[in-house]
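Working notes, beginning with the structure itself.
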Ligand code: PMP
């Protein structure tokens with residue numbers, strides 16, 4: 001029995017007195033599902049617990065980083081040991097070499113790698129580097145992809161693929177937005193047209209190789225390969241933003257899964273194991289342009305700090321064991337298949353996308369392949385489904401346009417419980 005949300009509601013009211021909107025990142029405010037967020041007290045394995053004493057099976061897992069679940073014993077032990085040496089030195093440590101070795105081995109296109117503190121920093125730095133290296137100003141991003149909140153990435157499409165970007169946020173000057181071109185995802189013809197007109201001026205194309213940020217949307221067969229050849233033809237750098245997909249859709253990320261070699265890659269989430277970490281890296285000749293080797297400036301007081309490196313490395317060590325990704329795959333398939341069946345039984349039209357341990361259920365009958373099709377979803381049905389799942393103890397992202405995440409800590413029993421709950425929640429959605 002759910003114990004209600006009374007204490008969470010009280011804390012949210014208090015938080016709003018001191019923190020804009022009561023949260024330190026907007027999606028946490030539950031705005032798109034029209035209610036108040038639950039306040040979390042702790043996590044353990046696949047579960048989180050709120051201040052009202054409710055237990056939830058957690059399919060957010062801090063938005064991806066906790067692929068081992070909450071408080072994995074090995075990560076906790078490694079962090080406890082690390083606290084003995086200190087929290088930050090702002091000077092080189094051997095830990096940073098080990099981390100760089102692990103990342104470059106797992107993702108061979110990253111010949112050199114620089115650690116930062118968030119995914120936003122990683123994409124912002126990779127794009128500065130791409131512009132510095134190519135001496136071009138324009139960049140292309142895809143509609144519905146999110147790459148953090150740097151000014152030139154907070155851009156949505158205008159009326160058509162060929163229009164210049166317009167800012168998606170106040171405070172982003174038009175002069176900055178004007179250098180960002182927005183293209184539809186999974187549409188190589190539209191991109192080819194953009195390149196025919198201005199390919200010589202495009203420094204980089206940045207892409208989520210499997211999208212997580214309009215819900216989970218996989219690349220169409222051949223799309224990434226075509227993107228690779230097109231960018232190479234024009235001397236434009238291809239940046240895979242693998243902040244979400246890195247070490248999630250496979251140990252080698254999406255580039256390993258689809259066998260594509262981008263010029264630059266950004267990472268985050270899983271490589272930090274729940275501590276603030278991001279990274280960017282790629283071809284040696286490009287990365288050699290980064291300070292102190294080259295003229296593209298990039299820095300960070302806490303970058304590569306021992307605690308973050310320790311959590312990340314321990315995560316990667318565990319993930320490198322044989323069978324881990326097979327386990328994630330089969331657990332994720334079990335959940336997605338069970339949800340699909342529950343939706344069908346309730347007579348709700350849903351479209352399911354899944355790649356490895358990331359997945360989405362869109363409340364639409366249309367195949368979801370890009371932003372336009374994602375937004376055909378019935379968000380009222382999603383909202384009804386979301387609250388009914390929460391009430392029954394399954395915590396999913398509070399937005400139709402976010403992916404769900406499976407962890408190794410989820411048990412078959414967790415998954416079965418969630419599917420049982422979904423039978424009821426889809427019936428609730430059917431009545432909306
Ligand atoms: N890129 C992608 C693909 C992301 O999913 C995110 C965060 N969800 C970011 C970049 C930004 O990362 P951060 O929130 O750590 O700044």
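Here are the numbers:
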read-out: Fewest-first sequence of 350, 289 by Cβ atoms within 10 Å of each Cβ; value: 289, 350
read-out: Cα-based Rg and Dmax for the stretch 89-216, where Dmax is the largest Cα-Cα distance (Å); value: 16.3, 51
read-out: Computed over the stretch 1-159, Kirkwood Rh from alpha-carbon pairs, angstrom; value: 19.8 Å
read-out: Compactness of the stretch 293-332 - radius of gyration and Dmax, Cα, Å; value: 16.3, 46
read-out: Residues 408, 302, 68, sorted so that the one with the fewest Cβ neighbours within 10 Å comes first; value: 302, 408, 68
read-out: When the convex hull of its Cα atoms is projected in every direction, mean area for the stretch 212-336 (nm²); value: 9.5 nm²
read-out: Euclidean distance of C-alpha centroids, the stretch 1-16 and the stretch 26-69, integer Å; value: 13 Å
read-out: Taking the chain and dividing mean pair separation by its residue count, relative contact order in percent (alpha carbons under 8 Å, at least six apart); value: 21 percent
read-out: Alpha carbon centroid spacing (whole Å) that separates the stretch 386-432 from the stretch 310-325; value: 27 Å
read-out: All Cα pairs of the stretch 73-319, percent lying beyond 25 Å; value: 40 percent
read-out: Equivalent ellipsoid semi-axes, the stretch 380-432, via Cα gyration tensor eigenvalues times 5, rooted, Å; value: 19, 14, 7
read-out: Residues 76, 406, 115 arranged by fewest to most Cβ contacts within 10 Å; value: 76, 115, 406
read-out: P(r) histogram, all alpha-carbon pairs of the stretch 314-432 included - 5 Å bins from 0, percent; value: 2, 12, 21, 25, 19, 11, 6, 4, 1, 0
read-out: Tail fraction, Cα-Cα pairs, the chain, threshold 26 Å, whole percent; value: 56 percent
read-out: Over the stretch 73-319, relative contact order from alpha-carbon pairs under 8 Å, at least 6 apart, %; value: 29 percent
read-out: Kirkwood-based Rg to Rh ratio, the stretch 142-268, C-alpha trace; value: 0.94
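Quick note: the coordinates plus some simple rules give every number you see, no bench work behind them. All values derive from a computational prediction rather than experimental measurement. FYI the Cβ positions are ideal-geometry reconstructions off the backbone, even for glycines, and counts take in every protein chain you see.
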